[in-house]
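The values are calculated or read from the model by the stated rules, or taken from the named source; none is laboratory data. The shown structure was predicted, so the numbers you read here are calculated from the model rather than taken from an experiment. Positions of Cβ are generated from backbone atoms using ideal geometry, with glycine treated the same way; all protein chains shown enter the neighbour counts.
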Amino acid sequence: MFFDHTTIEIKSGNGGNGCVSFRREKYVPSGGPDGGNGGRGGDVTIRADRNVNTLQEYRFQRHFAAGNGEDGKGKKMAGAGGADLVLKVPPGTLILESESRELVADLRNDGDEVLVAKGGAGGRGNMNFANPVRQAPRFATAGKLGTTLKLDLELRLLADAALVGFPNAGKSTLLSVMSAAKPKIASYPFTTLQPILGVVDVSGARFVLADVPGLIEGASEGAGMGHDFLRHVERARLLLHVLDVSNFDGIEPMDRFVALNRELEKYKNLLDSRPQWVVLNKIDLVTEDTVQKLRDEIETLGYRVFAVSGATTEGVTELKQALAVEVLTLPPPELDEIGRLKVYRLEKKYDFSVSEQKGIVSVEGPFIHELMQSTNFSDTESFRHFQKRIIDSGIQDALLDAGVEEGDDVLMDGVLFEFSL
């Protein structure tokens, strides 16, 4: 099954906590703090790999986490860093932030990668806080929390040219005679249920041709599998509009031509952003006069027209040779989404929230969690640092705005305190 879009949740690793430790060795007169630093949390990177063809790996497993850093130890021993996580996706994958739909990265080529979540920094051990005045610090800092993100992964096939058309236009037959691809071919609509790529070789010149499953009217609004199929047209340098000239179901070919172009125009102005050639297919089923009349009518609209028969291969060689000359000179189209980012990390300097729980005002969030973990409440200096950070971060003002008064109970990261100014 061709799985080409999914949503995943990723989390970078938490940094390890710094250690509070003092050197105590027999016959060693100079002791002192020797608590080591915590290890950094692991990063999450997404990388394009040509050996991966679909997003099938992310169909059922959608939660991924890098390793956490280890806590520091005594004797100035730093904790080990958390294991980094690398997720592999096919080239042509877009990565978007789920809620805002902001583009994080466009991984077009094999080896392209983006750091989507950086691991939390390790906390500092108490050996870092010793100075001539404070010779025995009894506190360390907690490691920073990792980042959690929901990301949309969308695969858009990388093809030089794309065959588009209504069902039964003969696109799969054309792909089979122009390349080594072996698509399923039958006489009923919607034989092709997923995009198929084929490599076309013309005297050493090679390009990739995609067979996009048959579209229907209303595809630009999502009718049928419209959006799922149309997204794969966006990468193509050139569109090959395959038009069935046999009129087998009573619908005039020009009516089909106009209807499909209307859908392509509605979907992100595809016709304005890339050239289109028209391929009159199944010419073996109609007269030469019918083909010539249709060719003249479409050419007057400014399109380049080819007449072929996928069944007999008439005209196929001419089409392949023209494509080999044209597509490799065309630049790859740019997508509508804007802004590539090499690192995507949402972070606030003081990330906390104030809410009420069962009549008690509560402060929660990464900032207060890290501050609580970093504070030794039995140590006077550490507690003073805690009070200063509460004021500097704006938590005290937020509590006053919430109506908290002197002597009221307040929850700080789940721990009950008495509020005082």
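Results, tabulated for the structure shown:
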| item | result |
| --- | --- |
| Those residues of the stretch 99-129 which are at pLDDT 85 or above, over 17 Å from THR45 (Cα atoms) and assigned to a loop (DSSP other than H, G, I, E, B), in sequence order | GLU99, GLY122, GLY123, ARG124, GLY125 |
| Some residue of the stretch 344-355 being of a type in the set (Phe, Trp, Tyr) and modelled with pLDDT under 85 | yes |
| Residue in the stretch 137-146 that is of a type outside the set (S, T, N, Q) and either under 19 Å from ILE8 (Cβ atoms) or not assigned by TED's automatic domain parsing to the domain that holds ILE10 (or both) present | yes |
| Those residues of the stretch 281-291 which are surrounded by 12 or more Cβ atoms within 10 Å (Cβ to Cβ) and either part of a loop (DSSP other than H, G, I, E, B) or modelled with pLDDT of 95 or more (or both), in sequence order | LYS282, VAL286 |
| Test: residue in the stretch 364-372 that is out of contact with any Phe, Trp or Tyr (no Cβ under 9 Å at 6 or more places or on another chain) and farther than 28 Å from LYS11 by Cα | no |
| Considering residues of the stretch 369-421 that are of a type in the set (Asp, Glu) and more than 40 Å from the chain's Cα centre (by Cα) only, the residue surrounded by the most Cβ atoms within 10 Å (Cβ to Cβ) | ASP379 |
| Hits in the stretch 374-398 (condition: without any contact (Cβ under 8 Å) to a residue 60 or more places away in the chain and in contact with a Lys or Arg (Cβ under 6 Å, 6 or more places away or on another chain)) | none |
| Meets criteria (touching a residue at least 24 places away in the same chain (Cβ under 8 Å), aliphatic (A, V, I, L, M) and farther than 14 Å from THR148 by Cα) for LEU85 | no |
| Test result for GLY125, buried (at least 18 other Cβ atoms within 10 Å of the Cβ), of a type in the set (Gly, Ala, Ser) and either touching a Cys at 6+ places or on another chain (Cβ under 8 Å) or free of Cβ contacts under 8 Å to residues at least 12 places away in the same chain (or both) | yes |
| Complete set of residues in the stretch 133-166 that are in contact with a Ser or Thr (Cβ under 8 Å, 6 or more places away or on another chain) and of a type in the set (Gly, Ala, Ser) | ALA140, ALA142, GLY146 |
| Scan of the stretch 136-172 for residues that are of a type in the set (Val, Ile, Thr) and crowded, with 22+ Cβ neighbours inside 10 Å, ordered by number | THR141, THR147, VAL164 |
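The rows are residues; the columns are (1) under 27 Å from ALA121 (Cα atoms); (2) modelled with pLDDT of 95 or more.
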{"residue": "ASP4", "(1), (2)": "no, no"}
{"residue": "LYS26", "(1), (2)": "no, no"}
{"residue": "PRO29", "(1), (2)": "no, no"}
{"residue": "PRO33", "(1), (2)": "yes, no"}
{"residue": "THR54", "(1), (2)": "no, no"}
{"residue": "PHE60", "(1), (2)": "no, no"}
{"residue": "PHE64", "(1), (2)": "yes, yes"}
